[in-house]
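Student: One structure, pasted below without further comment.
No lab work stands behind these numbers, since they all come straight from the coordinates. Since the model is a prediction, treat every value here as computed from it, not as a measurement. As a convention, Cβ positions derive from the backbone with ideal geometry for all residues, glycine included, and neighbour counts pool all protein chains shown.
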Amino acid sequence: MKKPFLRRLNNGSRRSSLAYDASSSSGSAMWIYGSLVAVIVILIIVRALLPDIFVSIASPPWRLGTNLTASVGNIFGGLDSKQKVLIQNAALLEQVNILTNENQVLTARSQDLTTLLGGSENTVVGNGNTILAGVLAGPPVSPYDELTIAAGTEEGIKIGAFVYSRGGIPIGTITQSSAHSAHVSLFSTSGRKSSGWIGVNRVPLILKGEGAGSFEAVLTASTTITAGDMVYLPGPGALPIGTVLRTDTDPSSPTPVIHIQPLVNLFSITWVEVSRSASS
């Protein structure tokens with residue numbers, strides 16, 4: 001009989017405890033709500049009686065936030081400006097390099113033209129009777145003892161016209177021509193023969209090309225030749241083409257063989273002048 005009684009007693013105690021907890025939780029919630037309402041009412045009253053106090057309290061945080069925002073903006077703005085300056089400096093340096101390279105190219109071309117147009121008393125360069133042309137290709141790009149120039153029939157180039165290097169030195173003749181380019185066969189072409197003379201007495205000789213810019217000659221008259229004598233080709237005035245390098249004699253041949261050194265390096269020519277009229 002005691003056990004059922006104890007069980008009922010325990011169940012009653014548990015129900016009482018749950019009822020107390022619910023009542024306690026409800027009281028806590030009511031107390032929180034009441035506190036919030038009281039705070040709101042107090043704030044409304046203070047705002048009505050002292051309107052400036054909120055501005056005074058809130059101004060320092062607002063100013064701090066504004067200053068922080070401005071500072072961060074200035075920092076990132078400064079970084080962005082520095083990046084832009086670096087990019088602009090790099091672009092300017094690139095432009096300076098390009099202009100420097102172009103200036104060097106123009107200087108080299110000017111020097112070439114100055115050398116070419118410098119001339120001598122026998123030059124035909126620059127008197128209106130010639131056509132200035134750049135060299136597109138020469139040995140070893142083109143066949144040996146042949147040049148390709150950047151002027152053709154449209155520029156007035158004619159087959160057989162004389163071609164001159166600096167100072168009016170003849171180097172060859174036009175053998176082929178297209179609209180805007182032409183081929184120059186050099187006098188030094190292997191096996192090519194040209195009439196000329198040597199020395200101040202104009203001793204006649206036959207020039208024979210040996211290839212690679214070199215010549216040899218056989219005298220048509222018996223005379224004394226020394227190293228350094230000037231060798232000429234016929235043309236408007238005396239056209240120097242080279243100097244005597246040495247003279248070789250052969251007991252089996254009645255005439256000595258003269259080796260001639262050209263006055264110009266035929267493999268480093270960048271500009272030439274071409275006579276407007278073909279040679280006869």
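Student: What FRET efficiency comes out for the pair Ala150/Leu86, r = Cβ-Cβ distance, R0 = 41 Å, nearest 0.05?
Tutor: That gives a FRET efficiency of 0.45.
Student: What does the highest-first list of 226-234, 145-153 look like by mean Cβ count within 10 Å?
Tutor: Packing proxy ranking, top to bottom: 145-153, 226-234.
Student: With θ set to phi - 60°, apply the Karplus curve 6.51 cos²θ - 1.76 cosθ + 1.60 along the range 260-271 and write out the HN-Hα couplings as whole Hz, x wherever there is a Gly or Pro.
Tutor: 10, 9, x, 7, 10, 6, 5, 9, 10, 6, 10, 9
Student: Show me the ranking of peptides 185-194, 198-207 by mean Cβ neighbours inside 10 Å, starting with the highest.
Tutor: In decreasing order of mean packing, 185-194, 198-207 become 185-194, 198-207.
Student: Once the principal axes of the Cα atoms of the range 146-186 are found, what is the range along each, listed largest first in whole angstroms?
Tutor: The Cα atoms of the range 146-186 stretch 26, 16, 15 Å along the principal axes, largest first.
Student: Along the range 31-37, what does the Karplus equation 6.51 cos²θ - 1.76 cosθ + 1.60 (θ = phi - 60°) give for ³J(HN,Hα), rounded to whole Hz, x for Gly and Pro?
Tutor: Values per residue, Gly and Pro as x: 5, 5, 4, x, 5, 4, 5 Hz.
Student: Step through the residues of the range 149-160 one at a time and calculate ³J(HN,Hα) from phi using the Karplus curve (6.51 cos²θ - 1.76 cosθ + 1.60, θ = phi - 60°), rounding each to whole Hz and writing x for Gly and Pro.
Tutor: Rounded to whole hertz, the list is 10, 8, 7, x, 4, 5, 8, x, 6, 10, 5, x.
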